[in-house]
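Taking it in order: structure first as structure tokens, then the write-up.
No lab work stands behind these numbers, since they all come straight from the coordinates. Keep in mind the model is a prediction, meaning the values are calculated, not measured. Cβ placement follows ideal geometry from the backbone for every residue including glycine, while neighbour counts extend to all protein chains displayed.
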Amino acid sequence: MQYPRIVITGVGLTAPNASNAKEFREKLLSGTSEIKEIELRYFGKAPAGVCSFAETKYRKKKENKKGTRAGCIGVYCANEAIADADLDLADYDRSRIGVYLGLTEHGTVETENEVYNISHYDYDVNYWTHHHNPRTVLNNPAGEITMNLGITGPHYVIGAACAAGNASLIQAVQMMRLGEIDMALAGGISESVGSFGIFASFKAQNALGHADDPRMATRPFDRDRNGIVISEGGCIYVLEFLENAIKRGATILGEIVGYAMNSDARDFVLPYGKRQAQCMQLAMQRANLAPGDIDLINTHATGTRQGDIEECKAIREVFGDTSATYINNTKSIIGHAMGAAGVLELAGNLPSFNDYMIHPTINIENLDPECNLPNLVINKSIRVNKVETILNNSFGMVGINSTVIVKKYTD
């Protein structure tokens, strides 16, 4: 079947080291991490990635207080994406625009905050805020975007653990191909640093990264890695049909040519390289690409011992031990932004289509032999002869896997 071509024309983001795509790219190329130590009630200190952006740039402080942190991030990223696309929403019927966001979880932060607040009043629920229900429904961040932008088309959130960002792009592409919408805002959000429960859970699993220098706490593929660093963040894309993008003279950042999702069906937490390999293979099959056609793989690797090894097994199975495909990891610089991870990491690599630079995986002092992949870019950016195809992996708990393939646009 011949599907209409769908392209990325705008990116809006906030990450733990940047509040726009240009600055983000510069920080990634230089390997600049701004992971810092934070203190959470009931938990104590931990390394984390915290975002700093103009929270009142697109809506008032009062509206932010009524909404959520996730909604605030979403509204900022959506508006930034539209501005980056040089798009006037009046060019589209707003009832034909869809908003699709990926989240790992939502509502935890709000619930923890409310329980803490009523603890000061002997847990009298009369002090519980009437804003709680609309703040904690899963579609909240996507809904906040539609209210801010006056979009009347469909909006919802895809809960797909840490594969959710990729899943949102896949959902948007599918809905456009079905003819349900003419344009999409798609991406992912994480507000996880506001929840002590998330930190406590990862610590209980012995999966919370730590180091004397918090910037060194996230170290995928390193022999001495000890877990993930939790980060917040957001990234939203403008997706348009190629024909419409050309018609309005848009700058095309990349074309989504392949995708796949599957399930391990094995374990709540432990990943499974065999299913990850199958996910990559299916995405390439749908894109009519062979392993040798992939120029860059952005790995999901989070810095957990077995998780990194399983993904490396999967990459070896698909690409072999003599692959010319370059490999990097973005979490080593920004931490794990959960539902925003996949889309943030893809955004950080898209400029490779034009500058032929590949940002490094940092914090590797002693490479784990089981993670010694050919062409893994370590500690320093490199320039290559070409980057025309990027494969982006995102995997999540309860055995969910996703792969998205983006190609440099050509006529």
Given springs between every Cα pair under 10 Å in a Gaussian network model of the chain, which of Gly249, Gly159, Gly74 has the largest fluctuation? Gly249
Can you tell which of Thr56, Thr322, Thr304 shows the greatest fluctuation in a Gaussian network model of the chain with Cα springs below 10 Å? Thr322
Which entries in Lys27/Lys203; Lys22/Lys45; Lys61/Lys331; Lys247/Lys408 show an alpha-carbon gap greater than 21 Å? Lys27/Lys203; Lys22/Lys45; Lys61/Lys331
Alpha carbon centre of segment 226-267 versus segment 142-159: separation in Å? 17
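Over all distinct Cα pairs, what is the inverse of the mean 1/r for the chain, reported as the Kirkwood hydrodynamic radius in Å?
Numbers: mean 1/r = 0.0475 Å⁻¹.
In the chain this quantity evaluates to 21.1 Å.
How much length is gained if the chain between Glu26 and Arg41 is pulled fully straight, taking 0.36 nm per residue apart and subtracting their Cα-Cα distance, in nm to one decimal? Walk me through the numbers on the way to the answer.
On the way: separation 15, 0.36 × 15 = 5.40 nm, distance 3.38 nm.
Extra length available between Glu26 and Arg41 comes to 2.0 nm.
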With θ taken as phi - 60° and the coefficients 6.51, -1.76 and 1.60, list the Karplus ³J(HN,Hα) couplings across segment 391-403 in order, rounded to whole Hz; mark glycine and proline as x. 10, 10, 9, 8, 10, x, 4, 6, x, 10, 10, 9, 9
Let a ≥ b ≥ c be the square roots of the eigenvalues of the Cα gyration tensor of segment 73-143; is it rounded (a/c under 1.5), or, if not, prolate (a/b larger than b/c) or oblate? prolate
Ser30, Ser352 arranged by Cβ crowding within 10 Å, fewest neighbours leading: Ser30, Ser352
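Where Lys and Arg each count +1 and Asp and Glu each count -1, what net charge lies around Arg219 among other residues with Cβ under 13 Å from its Cβ? Don't skip to the answer; put the middle values down first.
On the way: positive: Arg215, Arg223, Arg225, Arg305, Lys331; negative: Asp212, Asp213, Asp222, Asp224, Asp308, Glu365, Asp368.
Taking every other residue near Arg219 into account, the sum is -2.
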